Structure formats: C-alpha cells, structure tokens
C-alpha cells in the first residue's frame, strides 16, 4: 500500500492554508506555494480538530473497512503531535 512521507496533520494543514490563500481554493494568490509553505503551521490546530472528528467512522465508512484499524490509524496520528 502506498504511504505518504508527509504527516497527515501537515497535509491537512496545507490543504486548509491553500484553501485560504490560493485562487484555486478561494484565495487571491495565483502562485501560492511559498505562501502555503509559510502558512500551514497556522492551521495545525484545525487539522487536529478535523482528525479528532474523524476518530469514529460513520456507518458508510464502517461498512467499507475495519473500524478497529481505522481507529488505530487515526489514534496513531493523534498520539504524536506535529509541530512546525
């Protein structure tokens, strides 16, 4: 199974930053990579809030896979805080 080298929290924080900054996400900057690189740490708390919400899968998610594995995977992210 492919895995990312970038922590999930950072990936989520980068998406949140990009949505505010990039024209593609509703922001004003056409070339936002450097701004996102600088801003993603400001979104770490929001990323953790999203992951806390996802700790428990909904019914559709539970039907698609192993709930215990899902909880363990999200739990692993929440146990190891990422700080920029």
Task: segment 16-53-segment 59-77 distance, computed between alpha-carbon centres (Å) - done: 26
- [ ] Report the residue, chosen from 72, 64, 33, that carries the largest GNM mean-square fluctuation when the chain is represented by alpha-carbon nodes joined by springs under 10 Å.
- [x] 64
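Where a ≥ b ≥ c are the square roots of the eigenvalues of the C-alpha gyration tensor, would you call segment 38-84 rounded, which needs a/c under 1.5, or, failing that, prolate if a/b is larger than b/c, or oblate? Please list the in-between numbers first.
Working: a/c = 3.55, a/b = 2.17, b/c = 1.64.
The shape class here is prolate.
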Open item on the list: What distance in nm lies between label points placed 7 Å from Cα along the C-beta direction at residue 30 and residue 78?
Closed with: 4.3
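Once you keep just the Cα pairs under 8 angstrom separated by 6 or more residues, what percentage relative contact order results for the chain?
Once normalised by length, the contact order is 29 percent.
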- [ ] Quote to one decimal, in nm, the extra length available between residue 38 and residue 59 on full extension: 0.36 nm per residue of separation minus the C-alpha distance between them.
- [x] 3.8 nm
Open item on the list: Connecting C-alpha atoms closer than 10 Å in a GNM of the chain, tell me which of 32, 59, 47 has the biggest fluctuation.
Closed with: 59
Open item on the list: Of the candidates 19, 11, 60, which one comes out as most mobile in a Gaussian network treatment of the chain with C-alpha springs shorter than 10 Å?
Closed with: 60
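Tell me, in nm to one decimal, what length is gained between residue 11 and residue 50 on full extension, where the rule is 0.36 nm per residue of separation less the Cα-Cα distance?
Gain on extension, residue 11 to residue 50, equals 12.8 nm.
No lab work stands behind these numbers, since they all come straight from the coordinates. All values derive from a computational prediction rather than experimental measurement. For neighbour counting, all protein chains shown are included, and Cβ atoms are generated from backbone atoms with ideal geometry for every residue, glycine included.
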